[in-house]
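So the structure is just underneath, and the comments pick up after that.
The values are calculated or read from the model by the stated rules, or taken from the named source; none is laboratory data. Values in this document were obtained by computation on a predicted structure and should not be read as measured data. Heads up, the Cβs are rebuilt from the backbone with ideal geometry, glycines too, and the neighbour counts pull from every protein chain shown.
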């Protein structure tokens, strides 16, 4: 059940597919050399491999406990968190002016993948802090930033996001938590929040809650929501944790997975809070951090898939059963020599590479959108990032579930036994398609706002890029690449057709086809990026740069993806174009089991 | 979390799709009228709805315990089992000469679905006894049948199957358990068996273990395996449980799901056993019961999917979030009015109907194979049954996982909380693609033996049947049916092409494409059977027979399946024809995470 961070895979994806160099070229990160990338990834890998990963299974078995409003996390979590803080990892992608490392977000994304592979439960703590830091940078007052950012960026304090209430899940506008002015610039926050990840724990000395609430006489729905900062301990005059605030954990959820992550019910009883940004503009602040939060959850899908994959791969090399055609040596042969097992592993691996590439591409474009000196280029990157975010979130997390499920299957009966560890990944992976906007919500975002923005420009640009790669593959001297093009070309045709259909469809029809549309977008974009990687690998081969075997394997993996996922992609057109009428016309009776 | 057996759906599938009447027409079941079908199903539904289903969630939480070799099952299981015995349900499909009800296996299949929906953990006990009864009927001596069958058929005694050992899972031939002659006609059985479902429990007064073992000097591999009957208590002279035998449970597995089902490690220490059938012919006896065991596991996939579906459907009607386009009344609207949720539910329902139809079709053909007076007809039915068994097992159990996962998704955050119950279905469902021959083994069976038998006759007959239904739909006066035909026709073309490709492919290539080939076979066969149902529904509409709304819904569900699953089916050709070379040529390095 060990984990080795796939540093070389990650670097190839970052550098050869997502073009990390373009971030360096902006000049916004003067300290950030190619050598530093390697060093940072290797250091992060050590922490994840050696410190965090070994805690994953025991933490699942032990879980968290709540007593007198205090949560005890699993054994080893506080010590591992201390190591995380010691390495300064929480600040990787934040400015040196707040004590961060000042590196690109794309590297933060790579760190995030390793953290999530090592332990989803553990990784959620830092993930939530990342989001809060972004909100404070963008919307906090100077005073708030000075007081809180250094502590959260160092990891000494952690942070949470408080949105959900029992009646307000996907429908955030339905929330009821209240904030009333105290008269001294602070607010009294009261209400109950559920599903608060790392809402209470014993790893950091203070916890800073970002809480969505309504002020008196605020408008109904999302337009009347404000964002508040509510610290567990109110900082004293020297900025240290002071008086205990009126917020506490009153319950822990009994979940199917991520047992090591405390999912709290939080009670706010006239807790002292401070408004972040403007009144009634809480949703805007949420949107600021939404892109990176959703991307991070997508990366979580990649991370859990990679972990499940590594475990299945190791098992398949060891476990011997039956006679495999073509295998050398006496039977029983390792099950990895059986074609059907090899097929599962190859598909898992190829799809993980595709999802990783989608996430890193989105992250690099996010960096460019923020830092590119050319306004048009920055706008292009912003559009690409915006388009990719819902795909990265939904496609990668569905993939996490699929790969974790295949991981169980490869283990046979042992996969169903908890001690093996494969089952934990299957249980843990299942949350990611749900939180941070369900995958259905992501599909609505993609087929609605993202499809429409600037008259469909983002999709047009994506399709143009894919067609360019079709051409690059067609004209390659390596005959494997035109074969990739032969699969990518009809797939991008289907995507273009789907975009046109969606753009002219009624809202209900569009919504009915949105999930299949997102899947098609992900299938094709993932395949495209693997082809981009294959083109880069071919260049390496030609220039005798690096490990030839590794480069050949990138091309081979793209081929497997092309023959399976890309070949099947146009088949999604039926579901995309089905429309809402067949779902609604027969009425509810059609759905009643009778 | 309640369950209502879908008696009308089941009857429609049995009678209008699987043609249960043809079993009546054999004359082998003189007592078996149409009225009786309804009465039996309604009675079985009562037991499952009211007695067993309420135990499902508590039994998951409580699990089983082992102390001093004795297993305590969850509270309520022994009492529910007593009700099951009282109703005579264990004997539903077995001859009246042994105390059974003498009804067709197809009805047993319907009972099995309800039992599994009510509780997979509970349903496994009776399922294992079914298999042992079949083995004894086919291979037991007169004395063995007289002594054991009435007790197992009544349910007073239960039975188990003991195949797996740590080194012998899919590779049964690797087993090492030994049997040595005692000199008095009995044998001394010694060894350890793992993953023994209901191997020890407190519901029946005796447990009859069927055990695969090797006799001295037996040939290696599967040709040297014999089947033994080893009772927990050796029957005394009057046939009652007597001396405790040398077999006991020494461990219980800590599993991801089916916590109410005791999965035991069994130790045989010179346990007294009796040979069933001939020495070294144990695998043949296994094959006798394999068809129905695999079908029953397929039905388990249907059962867990139906349960997960019902729960998600009820939740989606109650839970209100956001504004749904086209919904009436003030927001928030029920999430079932949101197109994407409606899409999930519609697809779940349509696919469940397809899987149910595949299973019932296989069961009816099994009955006909056994009882049809005409030898050619019986042979035709046997071929069809044989072809469908791996599809029923693998396709339906993959579906069980998929539907249970969608069930979690529809619940949103609540789906991940154990108390909601949706998570249990997701955990329970995961075992079915693994046991009774992994789904990979099923795919090998389908693309190997089943494809080849009698020169490919079984597939040729299936394709012929499907083409007939295409024609029936094309010529219907209801315009919805030619639309079904327009999707079914290219799907069956793809199936035919795939069959031809597989039939002429090298063994390794065939194995590499086998899972995709099974999926295509299931997708197309399921769609075909829904179209058969649509044709029957259209006949009912025309003849104003029965509930028009119900008939219209059958056509609408077939339409949803056609636009989604059938439309996508030809897209599987790429994976089917990929071959083994891309998986093996690059060597293991391609799969190494680096």
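Scanning the stretch B:229-260 for residues that are under 19 Å from residue B:133 (Cβ atoms) and surrounded by 15 or more Cβ atoms within 10 Å (Cβ to Cβ) returns B:229, B:230, B:231, B:232, B:233, B:235, B:241. For the residues A:125, A:91, the requirement of being modelled with pLDDT of 95 or more, out of contact with any strand residue (DSSP E or B) (no Cβ under 8 Å at 6 or more places or on another chain) and under 27 Å from residue A:283 (Cα atoms) singles out A:91. Every condition in (1) surrounded by 23 or more Cβ atoms within 10 Å (Cβ to Cβ); (2) free of Cβ contacts under 8 Å to residues at least 12 places away in the same chain is met by residue A:142 except one, and the failing one is (1). For the stretch A:1-33, the set of residues classified as over 24 Å from residue A:554 (Cβ atoms) and in contact (Cβ under 8 Å) with a residue 24 or more places away in the chain consists of A:1, A:2, A:26, A:27, A:28, A:29, A:31, A:32, listed by residue number.
Of the listed requirements (1) within 27 Å of residue A:116 (Cα to Cα); (2) in contact with a strand residue (DSSP E or B) (Cβ under 6 Å, 6 or more places away or on another chain); (3) away from chain B (no Cβ under 14 Å), residue A:193 misses just one: (3). Of all the criteria given as (1) part of a helix (DSSP H, G or I); (2) surrounded by 24 or more Cβ atoms within 10 Å (Cβ to Cβ); (3) within 14 Å of chain B (Cβ to nearest Cβ), the one not satisfied by residue A:402 is (2). The number of residues in the stretch B:471-515 that are in a helix (DSSP H, G or I) and within 30 Å of residue B:440 (Cα to Cα) comes to 27. The numbered conditions (1) at the interface with chain A (Cβ under 10 Å from one of its Cβ atoms); (2) in a helix (DSSP H, G or I) are all true for residue B:357 except (1). With respect to residue A:23, determine if the residue is farther than 29 Å from residue A:385 by Cα and more than 14 Å from every other protein chain (Cβ to nearest Cβ). When the stated conditions are applied, residue A:23 does not pass them. Count of the stretch A:418-427 residues, restricted to those that are more than 10 Å from chain B (Cβ to nearest Cβ) and surrounded by 24 or more Cβ atoms within 10 Å (Cβ to Cβ), is 1. Applying the criterion of at least 1 residues that are at pLDDT 95 or above and closer than 23 Å to residue A:119 by Cα to the helices (runs of 4 or more DSSP H) found wholly in the stretch A:7-47 leaves A:7-12, A:34-46. Per the conditions (1) more than 10 Å from every other protein chain (Cβ to nearest Cβ); (2) within 30 Å of residue A:458 (Cα to Cα); (3) in a helix (DSSP H, G or I), the sole criterion not satisfied by residue A:373 is (3).
Among the residues making up the stretch A:325-335, those that are surrounded by fewer than 24 Cβ atoms within 10 Å (Cβ to Cβ) and either closer than 30 Å to residue A:523 by Cβ or more than 9 Å from chain B (Cβ to nearest Cβ) (or both) are A:327, A:328, A:329, A:330, A:333, A:334.
Going by the structure shown, is residue A:4 under 30 Å from residue A:527 (Cα atoms) and within 14 Å of chain B (Cβ to nearest Cβ)? It is true that residue A:4 is under 30 Å from residue A:527 (Cα atoms) and within 14 Å of chain B (Cβ to nearest Cβ).
Take the residues in the stretch A:157-187 that are over 31 Å from the mean Cα position of the chain (by Cα) and surrounded by fewer than 19 Cβ atoms within 10 Å (Cβ to Cβ); name whichever of them is farthest from residue A:231 (Cα to Cα). It comes out as A:183. So, residue A:415, is that one in a helix (DSSP H, G or I) and either touching a strand residue (DSSP E or B) at 6+ places or on another chain (Cβ under 7 Å) or at the interface with chain B (Cβ under 7 Å from one of its Cβ atoms) (or both) or not? Answer is yes for this residue.
Being free of Cβ contacts under 8 Å to residues at least 24 places away in the same chain and farther than 24 Å from residue A:347 by Cα is a property that residue B:476 lacks.
Only one entry in A:458, A:443 is outside any strand (DSSP E or B), facing chain B (nearest Cβ under 8 Å) and over 30 Å from residue A:3 (Cα atoms), namely A:443. Of the strands (runs of 3 or more DSSP E) entirely within the stretch A:230-300, those holding at least 3 residues that are within 14 Å of another protein chain (Cβ to nearest Cβ) and in contact (Cβ under 8 Å) with a residue 60 or more places away in the chain occupy A:263-276. Here residue A:331 meets each of (1) farther than 30 Å from residue A:193 by Cα; (2) in contact with a strand residue (DSSP E or B) (Cβ under 6 Å, 6 or more places away or on another chain); (3) in a loop (DSSP other than H, G, I, E, B) with one exception, condition (2).
Residue check: is residue B:161 touching a helix residue (DSSP H, G or I) at 6+ places or on another chain (Cβ under 8 Å), outside any loop (DSSP other than H, G, I, E, B) and within 14 Å of chain A (Cβ to nearest Cβ)? Considered against the rule, which asks whether it is touching a helix residue (DSSP H, G or I) at 6+ places or on another chain (Cβ under 8 Å), outside any loop (DSSP other than H, G, I, E, B) and within 14 Å of chain A (Cβ to nearest Cβ), residue B:161 comes out as yes.
Inclusion of residue B:180 among residues that are at pLDDT 95 or above, within 14 Å of chain A (Cβ to nearest Cβ) and farther than 21 Å from residue B:136 by Cβ is not warranted. Checking B:107, B:92, B:111, B:124 one by one, the residue that is under 18 Å from residue B:197 (Cβ atoms) and either in contact with a helix residue (DSSP H, G or I) (Cβ under 6 Å, 6 or more places away or on another chain) or touching a residue at least 24 places away in the same chain (Cβ under 8 Å) (or both) is B:124 and no other. Taken over the stretch B:221-242, residues that are at pLDDT below 95 and touching a strand residue (DSSP E or B) at 6+ places or on another chain (Cβ under 9 Å) amount to 0.
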